[in-house]
Structure formats: structure tokens, C-alpha cells
């Protein structure tokens, strides 16, 4: 049996307001709008966006989303060409950085932001070889 890799993967994430989240991702994070569908009420039902080849879709949730402020189970891990430069761009746009720039043991330089719905978005650039902590084995 031959294994095949997925051609691409686009998470579909439910939110209360697709319009609001679309504005955040485009205006603050620099994603590009690729397609959307506007419902009968004039609000987006769903929208797809892309940045550096990373695609994400947001859809209007059929039920109100919980507002407890806790981070959501879904996290996005988005590769960018110049993570330090991108970090500086977001700071200039007053985007709150949830985790600061740092080089992780797995070799990626990362920082994290929370979108208005509490979803965590990691931005990264691979800058080094992995150096696992003692007792951690890469397989």
C-alpha cells in the first residue's frame, strides 16, 4: 500500500462573527481574502484567507460560541519568511503578542498571538537544528 501526503489542509473554524474575524486577520495579521459567501442578512457565512500559503476558513457558528476566555483547542502554526520582521510589523499595528519571540528546542523561532475569539496563532521560521531536552527522543 502506497502512502500519499495530503495536497493541502485548510482548517474550518467556527466563530460568532466571520466579519469581525476576517477584519482582524486581514487588517492586523496581513492575510489575504480568497473567497467568502455573504448570507441573506448581509453578514459573511464563511470566508477563506491565506498568508504565505497557509489557508484558513472561518464559518459562522450555528450556535453561540462560549465566552469563557480560555484558549481554544485549535491552534494554528503558520510559517512566515521573516518571523522577526513580521513580529515587529504586528507590534506596530498594536497586535497583542501572547508569547514573545523565542527559539524553540525543535529549531523554530516562534511567537504567538490570540485572535479575538481566543484561537492561538503561532508564527514561525525554522532557524536551527532541533536540540531536544534531555529525555526527549525525536523519531
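No value in this document is a laboratory result; all are computed from the given coordinates. Please read these numbers as outputs of a predicted model, since none were measured by experiment. Neighbour counts are summed over all protein chains in view; Cβ atoms, including those assigned to glycine, are modelled from backbone coordinates with ideal geometry.
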Checklist line | Restricting segment 14-47 to residues that are in contact (Cβ under 8 Å) with a residue 40 or more places away in the chain and in a strand (DSSP E or B), the residue that is nearest to residue 118 (Cα to Cα) | finding: 15
Item checked: Residue match in segment 79-99 (condition: within 14 Å of residue 125 (Cα to Cα), without any contact (Cβ under 8 Å) to a residue 60 or more places away in the chain and touching a helix residue (DSSP H, G or I) at 6+ places or on another chain (Cβ under 7 Å)) -> yes
